[in-house]
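Right, one structure below, let's go through it.
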Amino acid sequence: MLLDEIKELLKEVHTHLTVIIDFVGNSKLEQTVAELTALVEAEDSWQRKDSVELAKELQNKKQYLHDYHDLLRGYKSISDLTVLLAEEDESTIQDDLKQLLADTRELLRNSKKFKLYILLQDKNDEANCFVEINSGAGGTESQDWAEMLTRMYVRFAEREGFKASILDVQSGEGAGIKSVSLYLQRKYAYGLLKPESGVHRLVRISPFDANKRRHTSFASITVYPEISDASVAINADDLKIDTYRAGGAGGQHVNKTESAVRITHIPSGIVVQCQNERSQLQNKATAMKMLAAQLAEKQEFERKEAHDKSVERKKIEWGSQIRSYVLHPYKMVKDHRTGFEVFNPDEVLDGNIMDFIETFLTKPAGGHTADDLVLDD
């Protein structure tokens, strides 16, 4: 029935509004608008060098606050009307219910859009992104784990309407993969995937162990935003460019010509590879985008390191993981930064990771303690 469908949609809207209300409250939006208003309306505001930027920020914050209150009013209005119509004979109010259903669907779209907006406002959040997956300590076990993670992110992309491309893959010895580079295209791709950067840990009964012992495997995820070519200066003399025949799927053209490209940035030692495009020129262009993204990330890390000596890169091993996936002796996936956990690892590994992403984006990240960690070997 139409009324039942409206009620179900309202439940979904309520879920999104819960996140929105908490986030807006924590961000002290109304206080920020008041402070910006005072600065912009001050008598000497015209003397400020940043007066134009302040006025623009105030306008954006006011619109943000207006849209927020519109959502709350819309939810209350539809909820109240739903209660009233529930007392009527549904067969006599079909036109009213159809209009209310359309309004509820529009409210749901707006709430999803607004939630995305409030969560993803950092630099490059709207950009496409590159995702690198590297197997860590554990040999074949970790290479198989890296392949499982690759599938998880490809499935996540399919669920969320991303275009996902495998740019390069280095197969493991016997099973799995040593490393893979993915290119995910959609607005907010980087913003959504950036919380996934870090070490991911798997605990399971090994399918490669004849004695069926429990093994722990590690793999690292690194997410880079796609940036404009002008954002990072790259000297052509600093590059070593190699071409080779692409491997894996791709057809006769891919395998019979040296279309794959490997670029080494000599000063930094960064190496990028691309082989998924049909032409060498296209692969080189994509590889240069990958290089620019990694160089930008390296520069940002060095900047942070210069200001904060406690900043360090995590090794792909025990104690550095951001998330643990346990398949034995119990079933659980836990994010150690937020404490969020679920007990359906099969669904998570099939790409259902949005709850982890949203929880990270809406809660302050914190370090884990020994009590947070799942069972080790």
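For the reader, a short list of remarks on this structure follows.
- Screening the candidates VAL19, VAL24 for the property of being part of a helix (DSSP H, G or I), surrounded by 14 or more Cβ atoms within 10 Å (Cβ to Cβ), touching a residue at least 24 places away in the same chain (Cβ under 8 Å) and in contact with a Phe, Trp or Tyr (Cβ under 8 Å, 6 or more places away or on another chain) yields one hit, VAL24.
- Listed by first and then second residue, the pairs linking a residue in the stretch 194-206 that is assigned to a strand (DSSP E or B) to a residue that is surrounded by fewer than 19 Cβ atoms within 10 Å (Cβ to Cβ) and of a type in the set (Ser, Thr, Tyr), with Cβ atoms under 7 Å apart and 6 or more places separating them unless they lie on different chains, are VAL199/SER320.
- Answer from PHE130, PHE114 - the residue that is closer than 23 Å to ASP22 by Cα, surrounded by 18 or more Cβ atoms within 10 Å (Cβ to Cβ) and touching a residue at least 40 places away in the same chain (Cβ under 8 Å): PHE114
- Flag for TYR68 being at pLDDT 90 or above and within 24 Å of PHE360 (Cα to Cα): yes
This table checks each residue for (1) in contact with a Leu (Cβ under 8 Å, 6 or more places away or on another chain); (2) assigned to a helix (DSSP H, G or I); (3) of a type in the set (Ser, Thr, Tyr); (4) outside the structural domain of GLU358 (by TED's automatic domain parsing).
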residue: LEU54; (1), (2), (3), (4): yes, yes, no, yes
residue: HIS66; (1), (2), (3), (4): no, yes, no, yes
residue: ARG73; (1), (2), (3), (4): no, yes, no, yes
residue: THR82; (1), (2), (3), (4): yes, yes, yes, yes
residue: ASP96; (1), (2), (3), (4): yes, yes, no, yes
residue: LEU108; (1), (2), (3), (4): yes, yes, no, yes
residue: LYS113; (1), (2), (3), (4): no, yes, no, yes
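- Only one of the listed residues (THR243, THR222) is outside the structural domain of SER324 (by TED's automatic domain parsing), surrounded by 12 or more Cβ atoms within 10 Å (Cβ to Cβ), assigned to a strand (DSSP E or B) and among the polar types (S, T, N, Q). That residue is THR243.
- Filter result (in a helix (DSSP H, G or I) and exposed (fewer than 15 other Cβ atoms within 10 Å of the Cβ)) within the stretch 27-52: SER27, GLU30, GLN31, ALA34, GLU35, THR37, ALA38, GLU41, SER45, TRP46, GLN47, VAL52
- In the stretch 331-363, the residues that are in a loop (DSSP other than H, G, I, E, B) and closer than 20 Å to ARG151 by Cα: LYS331, PHE343, ASN344, ASP350, GLY351, ASN352, ILE353
The values are calculated or read from the model by the stated rules, or taken from the named source; none is laboratory data. Quick caveat: nothing in here was measured; it's all calculated off a predicted structure. So basically every Cβ, Gly included, is an ideal-geometry build from the backbone, and we count neighbours across all protein chains shown.
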